[in-house]
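**Q** Dumping the structure here so I can ask a few things about it.
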Amino acid sequence: MHIVHIPATSANLGPGFDCLGLALDIWNHIRIEVSASFEPGLQFNASGEGTGLLNGSTDNLLTRSFLHLFEICGQKAPAAVKIFTENGIPLSSGLGSSAAAIVGGLAAANALLENPITETELLKVATALEGHPDNVAPALMGGLVASVCRGPEIIARRFDLPPLTLVIVKPEVDLPTKVARSVLPESVSRADAVFNIGRAVLVTEALRTGDLSLLAQVMEDKIHQPYRLKHIPGGEAAYLAAKSYGAAALSGAGPSIMAFVEASDAEKVKGLMMAAFGEAGVGCRAFVTHPSEKGVWTE
Ligand code: HSE
């Protein structure tokens, strides 16, 4: 039996569109059991977040990724396997649930095969499945990760972070990543590119050093957030409420909004952000959490 733990992730972090991502202390746990005494085939069961959507079929991102790794390795998948997942990461929230499913499925298969695939190769395979590296990289490596695609290769570097407090508010708004990507312009102006490039570097430095006042000055974006916030009722107001206390960003492709705050301000900021969604008639849930220095790990 193997148990695989995979963290939630928040991608983009304002200006680092498709390049920056942070592992969070919110987890999915996958248990894999193989036994000749089981019924042949793959059995799957989910508990926690997304149960209604995931149960009833064995075909999902996690099981597909699991089977994909056996294929890549030229190995047969086990004849009888049970996969249980206990999900703490909400689905379609901008908190990396699909990256967690992909990384979890790959890591589980890799563990069963006694780890023939290196972390660098796993990142490459996971990025090919996800389409961009910014969630799968921190889900694998933990901490803050900057990653880029260079042809077929993924270049990634991980940064340790000091303790930080994040408030994340997830509205009950349906904004699938596919839709959130389709509302973005095909090209951006040079001025907007320059605006983001410098800020992405400074956001990395602010997070790495825990400099919340620098972070509040530079966690801004001109290439995805303005287009996406329009599609999240109450999103603009919740974002501004978060920003009134410091640094804020859309988490991944949204719809969650997150704020980096002093621990003592967390409850106040959470209340303001939730009130902003409430005024727009949108229900929401909030998490107060921290970055995770650990990425996926297996026992
Ligand atoms: N970088 C991606 C996006 C993250 O913003 O579309 C979502 O998976």
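The values are calculated or read from the model by the stated rules, or taken from the named source; none is laboratory data. The structure presented is a predicted model; accordingly, all values stated were derived computationally and were not measured. For neighbour counting, all protein chains shown are included, and Cβ atoms are generated from backbone atoms with ideal geometry for every residue, glycine included. Just so you know, the surface numbers come from the protein's heavy atoms only, side chains and all, with ligands and any DNA or RNA stripped out. Shrake-Rupley method; radii C 1.70, N 1.55, O 1.52, S 1.80 Å.
**Q** Per residue, how large is the accessible surface of the range 216-299? Use a 1.4 angstrom probe and give square angstrom.
**A** Heavy-atom SASA per residue in the range 216-299 reads 42 Å².
**Q** Further question on the same structure: What number comes out for accessible area per residue over the range 66-125 if the probe is 1.4 Å? Units Å², please.
**A** 39
**Q** Turning to a different aspect of this structure: Compute the helix-to-body angle for 97-112: its Cα long axis versus the longest principal axis of the chain, expressed 0 to 90° and rounded to tens.
**A** 30
**Q** Keeping all protein chains in position, work out how much accessible area residue 290 exposes to a 1.4 Å probe, and write it in Å² to the nearest 10.
**A** 80
**Q** Let me ask something else about it. Give, rounded to the nearest 20 debye, the magnitude of the charge dipole that the chain has about its Cα centre when Lys and Arg contribute +1 at Cβ and Asp and Glu contribute -1 at Cβ.
**A** In debye, rounded to 20, the chain gives about 380.
**Q** I would also like to ask the following. Less than 12 Å apart at the alpha-carbon level, and either on another chain or at least 8 residues along: which aspartates and glutamates does that give for residue 76?
**A** Within reach: none.
**Q** To the nearest 20 Debye, how big is the dipole of the range 106-179 about its Cα centre, given +1 on the beta carbon of each Lys and Arg and -1 on that of each Asp and Glu?
**A** So the dipole magnitude of the range 106-179 works out to roughly 180 debye.
**Q** Could I ask something else about it? Calculate what fraction, in whole %, of the accessible area of the chain sits on carbon and sulfur atoms when a 1.4 Å probe is rolled over the protein chains.
**A** 53
**Q** If you filter the range 204-299 for trypsin sites (Lys or Arg not before Pro), then keep DSSP loop positions with at most 15 other Cβ within 10 Å, what is left?
**A** Passing sites in the range 204-299 are 230, 294.
**Q** Cross-link list 222/243; 270/294; 178/243; 170/270: which exceed 19 angstrom alpha carbon to alpha carbon?
**A** Correct reply: 270/294; 178/243.
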